[in-house]
Amino acid sequence: MAGLKDIKRRIKSVGNTKKITYAMKLVSAAKLRKAQDAVKSAREYTDTLGQLVAQVLAVTESSELTHPLMEERSQVARVRLVVVGGSRGLCGAFNSNVNKQIERSLTDLRAEYPNAKVDTYVLGKKPREFVERSGIESVRTLDALPESALDWPIDEIAQDLENAFLTEEVDRVYVLYMRFQSAMSQTPTLEQILPLQAILASEGGEEDAAPSLTLFEPSAEKVFESLVPRILRTQIQQAALDTKASEHGSRMVAMDSATKNAGELGRALTLKHNKLRQGAITSELLDIIGGAEALND
């Protein structure tokens with residue numbers, strides 16, 4: 001009967017675990033819906049900002065427009081990788097995928113810029129722990145971040161990167177994040193965010209090159225000058241929102257799988273318990289019947 005007690009204890013433990021994972025799944029699902037809305041709104045804002053840049057370029061000679069954040073340097077001596085990751089576990093392979101992508105991105109950047117020094121700027125507790133364990137150089141880490149990416153200090157982060165670029169502390173800045181596709185699909189993405197020349201070139205493609213009737217005050221040049229820093233902040237904000245949505249989606253899927261596994265294990269333990277209990281009852285009945293027959297004899 002000791003075996004039956006152990007199995008009953010395990011059934012109760014598995015049931016409690018199932019309740020916890022199911023509750024975590026519901027919480028992650030609610031957070032995911034909010035994160036998805038934030039990602040969608042941010043992408044719409046980013047697209048609108050890109051269209052506005054294209055309109056500015058259309059009414060001016062794009063070759064005349066310049067900004068310090070667009071400066072292309074012939075020699076790249078230092079490259080900075082901004083890593084955007086998660087701050088909590090229980091989200092399946094999400095954190096390990098980010099860590100693998102950090103190693104892969106650093107390898108690619110070192111191959112592309114063999115004479116440059118590559119360092120990192122880390123956002124999130126989990127990538128910070130990985131960077132420290134791996135001995136990767138990090139100029140700054142921000143791991144005590146709010147749960148919502150909308151509350152992250154994006155202006156402070158962007159200002160840090162701007163200052164580093166303008167003072168020639170770095171010549172290239174890339175951002176690594178998980179681009180949200182769906183709860184089941186997140187794509188590791190590496191994008192250059194400084195200098196902004198590549199981004200602005202993609203914003204003002206041929207489709208948007210038609211002359212615009214928009215009037216810019218005080219001038220198109222002044223509007224362009226104010227838009228360029230905002231583009232950098234938008235890129236960082238988008239990376240943060242995508243990564244948080246990916247984290248919530250991964251956690252929801254992981255907790256859903258854990259809940260199903262707990263249910264299957266509970267059913268298997270219940271079946272085993274019933275078989276053992278039935279066997280014990282049968283054994284007791286046989287002992288009773290045997291004793292009764294012995295008395296009759």
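For the chain, modelled as a GNM with alpha-carbon contacts under 10 angstrom, which of T107, T259, T141 fluctuates the most?
Its mean-square fluctuation being the largest, the pick is T107.
Near A245, within a Cβ-to-Cβ distance under 14 Å, what is the net charge of the other residues, with Lys and Arg +1 and Asp and Glu -1?
Residues close to A245 contribute a combined charge of +4.
What number comes out for the charge environment of L4, summing +1 per Lys or Arg and -1 per Asp or Glu over other residues with Cβ under 10 Å away?
Within the 10 Å Cβ shell, the charges total +4.
Which residue fluctuates the most in the chain, going by a Gaussian network model with Cα springs under 10 Å, if the choices are A240, A111, A183?
In this elastic network of the chain, the residue with the biggest mean-square fluctuation among A240, A111, A183 is A111.
Only helices at least 15 Å long along their axis, Cα-based, and averaging 0.0 or more on Kyte-Doolittle count here, so list those DSSP H runs from the chain.
Answer set is 154-166.
Please compute the Kirkwood hydrodynamic radius over region 1-155, one decimal place, Å, based on all pairs of different Cα atoms.
Here the Kirkwood hydrodynamic radius works out to 20.1 Å.
Choose one answer from K40, K25, K222: the residue with the largest mean-square fluctuation in a GNM of the chain with alpha-carbon springs under 10 Å.
Of the options given, K222 has the highest mean-square fluctuation.
From largest to smallest, what semi-axes in whole angstrom does the chain give when each is the square root of 5 times an eigenvalue of its alpha carbon gyration tensor?
Taking √(5λ) for each eigenvalue gives 60, 21, 13 Å, largest first.
Calculate the spin-label point distance for L271 paired with R10, positioning each point 7 Å from the Cα along the beta-carbon direction, and give it in nanometres.
So the label points at R10 and L271 sit 1.4 nm apart.
Count charges around L232 for me, please; just the other residues with Cβ under 12 Å from its Cβ, Lys/Arg as +1, Asp/Glu as -1.
-2
To the nearest whole percent, what portion of all C-alpha pairs in region 56-134 is separated by more than 20 angstrom?
Summing the P(r) tail past 20 Å for region 56-134 gives 50 percent.
Calculate, for S283 and S134, the FRET efficiency according to 1/(1 + (r/R0)^6) with r their C-beta to C-beta distance and R0 45 Å; round to the nearest 0.05.
0.15
Rule-based calculations on the coordinates, nothing more; no lab input. Treat the numbers as computed from the prediction; the structure is a model and nothing was measured. Counting neighbours? That spans all protein chains shown, and the Cβs are built from the backbone with ideal geometry, glycine included.
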